[in-house]
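Trainee: Starting off with a structure, shown below.
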Amino acid sequence: MADEESTTNCFGDSAPPYIRELLCLVLDVDDLVAARRTAAALAPWFGTVKVGLELFSAAGPDAVTSFVEDGFRVFCDLKLHDIPNTVGSAARVLGSSGARWVTVHTAGGEAMLRSAVESMADGASRVGAEAPGVLGVTVLTSDQTAGREVLEQRCDLAASTGCAGIVCAAPDLPVTDPWADRLVRVVPGIRMPGGDVHDQARVATPSDAVAAGADLLVVGRAVTAAPDPVAAAVELVTHLAGRGT
């Protein structure tokens, strides 16, 4: 009991900076006010928040700028995938929003990825902001069929077109090792040991994902759907610090 109380006291107020930088909180809701409330409550443990299709559809670019103003890095997970001109136009807008990361499907091909990278940089430069990193989505965590060759091709494409990183499932991390020095590796599908996998086929515990080379862990329902999200965040940080069971 004493050890458990010591751990809770250690991380009950905030995560160590190196762990907070590692964690991205998923805000898959359709209410910006509720999302900001959740993010504020969990800010001591998460340095980045994910704005996905649901929240962006509800609130538009305000869903990005509000969290930037609140001091978060924003992972804008829209998975752009269209003709190069359309993706470029959308990417230019996102580049001016203050997002730190923006996702684009690598399946869209070389011209589309290059358009995203160049247009986001252009949008950011127009407002004097740092260019966001484009993250190439490799294989969705719900996809149980894509093989190693597909993943390798998409990693190589992301690197050659100027993407800053990739999004991949934790079990795929060893395949991406040859690109580890060129691409930030962002990993969704994070679940605590024994946790519900929900609709994701390929998941991993936080510590296993980090051990395999993950640079940013995208964490959602394991914390936000918990009866006590703050307690779940503390448990997550404890686990990553090597003190969990």
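Read-outs: derived from the displayed coordinates by stated rules, not from any lab. Remember, it's a predicted structure, so these values are computed and weren't measured experimentally. Here the Cβ positions follow ideal geometry from the backbone for every residue, glycine too, while neighbour counts run over all protein chains shown.
Trainee: With +1 on the Cβ of every Lys and Arg and -1 on the Cβ of every Asp and Glu, and nothing else charged, how large is the dipole of the stretch 2-240 about its Cα centre, in debye rounded to the nearest 20? Write out the running numbers ahead of the final one.
Mentor: Values: 17 positive and 31 negative charges, 110 e Å.
That gives the stretch 2-240 a dipole magnitude of about 520 debye.
Trainee: Right, next: Ranked from highest to lowest mean number of other Cβ atoms within 10 Å per residue, what is the order of the peptides 124-131, 219-226? Walk me through the numbers on the way to the answer.
Mentor: Values: 124-131: 12.9, 219-226: 19.8.
Output ranking for 124-131, 219-226: 219-226, 124-131.
Trainee: Among 110-117, 17-24, 161-168, what's the highest-first ranking by average C-beta atoms within 10 angstrom per residue? Write down the numbers at each step before the final one.
Mentor: Working: 110-117: 22.1, 17-24: 18.0, 161-168: 23.6.
Packing proxy ranking, top to bottom: 161-168, 110-117, 17-24.
Trainee: Right, next: Picking from Ser207, Ile19, Leu32, whose Cα lies most toward the positive end of the charge dipole for the chain (charges on Cβ: Lys, Arg +1; Asp, Glu -1)?
Mentor: Leu32
Trainee: Under the rule a/c < 1.5 gives rounded, and otherwise a/b versus b/c splits prolate from oblate, where does the stretch 2-240 land using the Cα gyration tensor? Provide the component values of the computation, followed by the final result.
Mentor: Numbers: a/c = 1.91, a/b = 1.31, b/c = 1.46.
Verdict is oblate for the stretch 2-240.
Trainee: Per DSSP H run of at least 4 residues, take -39500 (n - 2.57); add these up for the chain, divide by its residues and hand me the 222 nm value, nearest 500 deg cm²/dmol.
Mentor: -12500 deg cm²/dmol
Trainee: Turning to a different aspect of this structure: Specify which residue in the list Leu78, Gly109, Ala164 is farthest towards the positive end of the charge dipole of the stretch 44-181, using unit charges on the beta carbon of Lys, Arg (+1) and Asp, Glu (-1), about the Cα centre.
Mentor: After comparing all options, I get Leu78.
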